[in-house]
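Before any comments, here is the structure.
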Amino acid sequence: MRNKLLFGRCIDTGSWVHAVDPRAKLTAMVLYLAALLAVGSWIPLAIAAAFSLAYMLATQIPLKYFVKAAKPLWVLMVFIFVIQCLTVDEGVALWQIGSWTLYSEGLSKGLIAALRMALLVSFTAILTFTTTPGLLNQGMSGVLKPLEKIGISAERLTLMMSIALRFIPTILDETHKIVKAQAARGADLKELPWKEKGKLLVSLLVPVTVSAFRRAEDLVLSMESRGYLIGAPRSEYHLLVWRSRDTGFILSFIVLVAVVVVLRFI
Amino acid sequence: MSGTENAYELHQVSFAYESEQSVLDGITLSIPSGSWVSLVGPNGCGKSTLAKLLGGLLAANAGEVVVEGTVLNRETIHQIRPRIGMVFQNPDNQFIGSTVEEDIAFGLEGRCLPREEMIHRVRKYGDKLEIGHLLSKHPSELSGGQKQRVAVAAILAMEPGIVIFDEASSMLDEKARGELLDIIKEMKQSGEYTIVSITHDAEEIMYSDRAIVLLDGGVAADLSPEDLFHDDALLQSCRLIAPYRIQLVRELAKLGVQVPPLQREEEVTEALWQLHLNK
């Protein structure tokens, strides 16, 4: 198989985290994000890290998958770290090069910010690793339902999301094919200077976009012939039942937010 | 609805995407319930457009399409649509769900079927199409042939009376194509379906009951596959090549060796052995 670790890929180990209601998981992720935003020092970070680790272990998914999930964003993490190091001028001066001084606070804040980012990405991977896209959609439509009161259709939003998730791998695959086709005609992306690469990317964008539209057209026909009508009533294949475990799951995240926030203000 | 004899009756149907250029012009034909009809013709002759008209995805500019006794129009389409299933060419682009079972369930959800019934049908048609072991798979983990089986399962699960195959086998390899043909044969045998197949595949045409030849937006011929493959001029204008056994039987006939027209290659071989023994 080509890309073993696709975005949105569910790894089924049958753990209890897999069985948690997707609505609970989505809500929990928002709470987790809030908790991480409130983390400002080492102790809350350690607490959040331990909390994350406990849940990652509970999924029974090998930890290396979570590390892999965070990997693509390492540039961003390094960037955040460097920015903090360059701009913060509190604490003890550690190191001096020319007019720039590295302060202890800058180092510590940079590390915290970068680690926070790593935690966020790898932990939110729990959501996609433990939930099939179908359940995720249904959870999403459940969570977004209140939006219908202000005239936003949850059904349309989730349909868009699910089709995007469904076609990302297909379109990526096709992009690879076009890159290869162009390389076969002498336009090898790898060997060109940056400026030329940019130009070639534009010429890549056109066929990919055209074919995406063609796919969309086919998909519309297929959906229409299967009787799909926006806004028409539908029954649901996946059954979502809220259990006390789901409430407990959310509560654990509320506790995390509370602890982190309290630690920040004392 | 099922009492009527014809699945389709088309009277003087015309269609144009742009008003000057008509794609279909004055098509009149009927397709009896329970039959298997091949729609053939060169690229650009309007086959796929006709398929979309038959599927109710496009509306005719003139003339009428009657489906099982009901005239197809804006008011009746929602009543007729559940009777018609369509399988398209590209297996990837008709895979809506993110797993096999979700894809089969997609059409059923639209029918508002109770959950138990959906689960029952997903299992039933999954097993029937031999994809029961793939139900939890993502489309990227399936081969083209498997995806096309999913497409057929998703259509049959909605239990339509008419199934339209729009070049459904043209993107498949030889083996998968043979498997899809076997599925269509089984569907025909069950007697539950009217099958309309748009195809370039000689083998598939051979097994159907009738071939309707479209040329330049009109019906050029409506004949048995046997007759089609003996009409060189027609074959050439459709850009078709007769199956090998037919070519062989015809060449033998020219040499004075008579072999009756047979459906399968093995039968022809058998007949030739018989001739050889009787010599």
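The values are calculated or read from the model by the stated rules, or taken from the named source; none is laboratory data. Values in this document were obtained by computation on a predicted structure and should not be read as measured data. No Cβ is skipped: glycine too gets one built from the backbone with ideal geometry, and neighbour counts run over all protein chains shown. Side chains included, ligands, DNA and RNA excluded: accessible areas come from the protein's heavy atoms. Shrake-Rupley method; radii C 1.70, N 1.55, O 1.52, S 1.80 Å.
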Exercise for the section: Please arrange A:Cys85, A:Cys10 by accessible surface area, largest first, computed with a 1.4 Å probe and ligands excluded. Expected result: A:Cys10, A:Cys85
Exercise for the section: Under a 10 Å cutoff between Cα atoms, tell me which one of A:Glu148, A:Glu191, A:Glu90 has the largest fluctuation in the Gaussian network model of chain A. Expected result: A:Glu191
Problem - Principal-axis tilt of helix B:144-157 within chain B, Cα atoms, nearest 10 degrees - result: 60
Problem - 222 nm mean residue ellipticity, helices alone, for chain B (DSSP H n ≥ 4; -39,500 (n - 2.57); rounded to 500) - result: -11500 deg cm²/dmol
Handout entry: Pairwise label distance in nanometres, B:Glu174 with A:Ile230, each label 7 Å out on the Cα-Cβ vector
Key = 4.6
Fill in the blank from the handout: Counting only DSSP beta bridges with both partners in the protein assembly as shown, the antiparallel fraction in percent, to the nearest 5, comes to 60
Handout entry: For the stretch B:89-116, residues shielded by at least 30 square angstrom of accessible area compared with the chain on its own, probe 1.4 Å
Key = B:Asp92, B:Asn93, B:Ile96, B:Ser98, B:Glu101, B:Glu102, B:Phe106, B:Glu109, B:Gly110, B:Cys112, B:Arg115
Completion exercise
Ignoring ligands and nucleic acids, B:Glu179 exposes an accessible area, probe 1.4 Å, in Å² to the nearest 10, of 60
Practice task
Filter the trypsin sites (Lys or Arg not before Pro) in the stretch B:72-121 down to the DSSP loop ones having no more than 14 other Cβ atoms within 10 Å, then list what survives.
Solution key: B:Arg74
Problem - the stretch B:109-136 and the stretch A:217-266: distance between their alpha carbon centers, rounded to Å - result: 23
Problem - DSSP bridge orientation in the stretch B:130-277 - percent antiparallel, rounded to nearest 5 - result: 50
Problem - Distance between the stretch B:155-170 and the stretch A:163-179 - C-alpha centres, whole angstrom - result: 26
Handout entry: Mean-position separation - Cα centroids, the stretch B:217-238 and the stretch B:49-74, in angstrom
Key = 24
Practice task
Round to the nearest 10 and report in Å² the accessible area of B:Lys137, as given by a 1.4 Å probe over the protein chains' heavy atoms.
Solution key: 70
Exercise for the section: Enter the angle in degrees (range 0 to 90, nearest 10) between the Cα long axis of helix B:265-278 and the first principal axis of the Cα atoms of chain B, meaning the one along which they spread out most. Expected result: 20
Handout entry: Solvent exposure ordering (accessible area, 1.4 Å, most first) of A:Phe129, A:Phe265, A:Phe51
Key = A:Phe265, A:Phe51, A:Phe129
Completion exercise
Computed for the stretch A:96-249: size of charge dipole around the Cα centre, +1 on C-beta of each Lys and Arg, -1 on C-beta of each Asp and Glu, debye to nearest 20, value 100
Completion exercise
Between the modelled labels at B:Asp216 and A:Leu239 (7 Å from Cα along Cα→Cβ) the distance in nm is 6.1
Problem - With Cα atoms, 0 to 90° folded angle of helix B:100-110 axis to chain B main axis - result: 60
Exercise for the section: From largest accessible area down, sort B:Asp209, A:Asp246; use a 1.4 Å probe on the protein chains. Expected result: B:Asp209, A:Asp246
Problem - DSSP H segments from chain A that extend 15 Å or more along their own axis, Cα-based, with Kyte-Doolittle mean of -1.0 or above - result: A:22-38, A:42-58, A:74-87, A:104-130, A:133-144, A:154-184, A:194-225, A:244-265
Handout entry: A:Trp42 accessible area, assembled protein chains, probe 1.4 Å, Å²
Key = 110
Problem - Across A:Lys68/A:Lys197; B:Lys124/B:Lys188; B:Lys128/B:Lys185; A:Lys180/B:Lys175; B:Lys254/B:Lys279; B:Lys128/B:Lys175, pairs whose alpha-carbon gap is larger than 20 Å - result: A:Lys68/A:Lys197; A:Lys180/B:Lys175
Problem - Choice from A:Gly142, A:Gly227, A:Gly134 with maximal GNM fluctuation in chain A (Cα, 10 Å cutoff) - result: A:Gly227
Problem - Chain lengthening between B:His120 and B:Gln12 when straightened (0.36 nm per residue, less Cα-Cα) - result: 34.7 nm
Handout entry: Helical contribution to [θ] at 222 nm, DSSP H n ≥ 4, -39,500 (n - 2.57), averaged over chain A, rounded to 500
Key = -23500 deg cm²/dmol
Practice task
First compute the accessible area of chain A with a 1.4 Å probe, then give the percent of it belonging to carbon and sulfur atoms.
Solution key: 69
Handout entry: Percent antiparallel among DSSP beta bridges (both partners in chain B, rounded to 5)
Key = 55
